[in-house]
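Structure record follows, encoded as structure tokens.
All of the numbers you see were taken from the coordinates with simple rules; none came from a lab. What you are looking at is a predicted structure, and each value in this text was computed from that prediction instead of being measured. Heads up, the Cβs are rebuilt from the backbone with ideal geometry, glycines too, and the neighbour counts pull from every protein chain shown.
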Amino acid sequence: MNFMKWLITIVGCLLVFAALATWKVMDIRASIAMAEAYPEQSETVEPARVTTADFTPTISVIGEILAPQRLDLRNEIAGEITAVNFTSGDPVKAGQLLVQLDTAVEQANLEAAQARAELARLVHDRNLKLFEARVINEDMLDRTQAELTATQAEISVLERTIEKKTLRSPFAGRAGLHNFEVGQYLEGNTLITSLIGATANMWVDFQMPQFYPQLPVGTQISITAISNNSTATKATATVIAENTVLNANNRSRGYRASVTNDIQQYAPSTVVQLEVPIGTPERLLQVPALAIQNDPLGQYVFTLSEDAANGGFRAARQQVRVRLIETERALLETGTGLTEGTSIAAAGAFKLYEGILVFTRERNKPVAEEQAGSNSAIVEGQ
């Protein structure tokens with residue numbers, strides 16, 4: 001009797017266990033079926049192609065803008081100002097009168113010297129005829145010649161003095177600031193103003209450490225004005241001269257380059273940043289900067305291989321060696337497994353991992369537009 005009870009109990013437990021096992025198996029199968037009903041996890045990125053670009057190693061140095069024509073106008077002789085014919089910052093013409101000092105005394109002396117010179121010339125001409133007629137001796141003729149020469153020299157001195165008191169612009173350009181008025185007395189060697197010539201080009205002087213290769217005349221360098229924003233314009237300057245000796249203080253070699261200044265964007269003494277080539281050009285791989293990813297193992301990109309079964313791509317990690325990263329692009333060394341034309345993930349690559357299913361979307365194409373296109377395709381299919 002006890003045996004039957006135990007048997008019934010064991011059979012009942014086995015039946016309960018079998019029922020629970022069957023329910024669990026069915027639940028697991030349902031979960032698997034539900035999971036298989038959902039699509040595989042995927043990400044959408046912007047694709048890009050690996051291209052090539054020329055790269056020249058450069059270093060950044062600081063340069064200074066210089067004007068090919070620059071003059072600090074000073075008066076050599078002291079005097080009173082009688083005329084100021086320019087305004088601070090105005091353009092001036094070559095030969096334009098800028099400042100006139102008082103020359104009344106010199107003008108009066110000049111007229112007197114010219115009168116004496118005319119009289120000396122007449123006397124000399126008369127004595128020359130008398131000498132030819134043998135009326136006077138050679139000594140009297142020499143005296144009149146010396147007097148004529150002396151008066152002519154006096155005229156030259158006075159004319160030169162008047163010229164030094166008449167300050168003109170030696171070239172066309174723009175005048176600097178000044179604070180002078182008519183009637184003001186100027187001591188000798190007073191700075192009147194600074195003149196900057198109106199030239200189409202400006203000079204850029206810079207220094208290069210001696211251990212870098214010498215720059216041949218004609219080398220192209222990139223110049224960028226230093227500013228507080230990221231929209232500073234770049235230009236190209238050409239090396240036109242090299243200093244013959246090294247700077248003894250820092251053992252650097254001086255160079256001068258010429259840069260176009262058509263719109264007057266560079267002022268003298270402006271500090272600029274230069275990108276100077278220090279090596280030969282080489283061909284490197286080029287990818288978008290957003291494609292470069294980093295982790296403790298180094299830098300890498302995700303290549304995209306077509307997955308026809310799912311209508312997308314599969315991501316694969318590819319280690320790279322980056323030579324240069326700029327705002328929009330990155331330059332990679334060759335021989336890392338990438339070749340020109342390889343499809344890679346650009347914007348959105350940070351979301352990927354090895355083997356994930358990837359779909360691509362063209363740059364600047366709104367997601368709403370893509371969805372609208374998909375919906376319209378479904379409607380047409382229906």
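Please give the net charge around ASP102, taking every other residue with its beta carbon less than 10 angstrom from that of ASP102, where Lys and Arg add +1 and Asp and Glu add -1. Summing Lys and Arg as +1 and Asp and Glu as -1 gives -1. Of LEU73, LEU14, the sequence from fewest to most neighbouring Cβ atoms within 10 angstrom is LEU14, LEU73. In the chain, taking the dipole from charged Cβ atoms about the Cα centre, the farthest positive-side position among PHE211, ALA30, VAL322 is held by ALA30. Each residue of the stretch 281-291 was assigned a 3J(HN,Hα) from its phi angle through the Karplus expression (A = 6.51, B = -1.76, C = 1.60, θ = phi - 60°), giving x, 9, 9, 10, 7, 10, 9, x, 4, 5, 6 Hz with x at Gly and Pro. For the stretch 221-226, the Karplus equation 6.51 cos²θ - 1.76 cosθ + 1.60, evaluated at θ = phi - 60°, returns couplings of 10, 8, 10, 10, 6, 6 Hz by residue, with Gly and Pro reported as x. For VAL320, the residues whose amide H sits under 5 Å from its own are GLN299, TYR300, VAL301, ignoring neighbours fewer than 5 places away on the same chain, with H placed 1.01 Å from N.
In order along the stretch 106-118, the phi-based Karplus estimate (6.51 cos²θ - 1.76 cosθ + 1.60, θ = phi - 60°) of 3J(HN,Hα) comes to 5, 5, 5, 5, 5, 5, 5, 5, 5, 5, 5, 5, 5 Hz; Gly and Pro are listed as x. Within the shell defined by Cβ-Cβ distances under 13 Å, the residues around GLU282 carry a net charge of 0, with Lys and Arg each +1 and Asp and Glu each -1. Highest-first packing order for the peptide set 177-189, 297-309 is 297-309, 177-189, based on the mean count of other beta carbon atoms within 10 Å. Relative to the Cα centre, the charge distribution of the chain, modelled as +1 at Lys and Arg Cβ and -1 at Asp and Glu Cβ, gives a dipole magnitude of about 1120 debye.
Distant-in-sequence amide contacts of ILE136, defined by a placed amide H-H separation under 5 Å and a gap of 5 or more residues or a different chain, comprise PHE131. Database remark: amide H of ASN75 closer than 5 angstrom to the amide H of ASN189, THR190, ILE192 (H placed geometrically; neighbours at sequence offset of 5 or more, or on other chains; Pro and chain starts carry no H).
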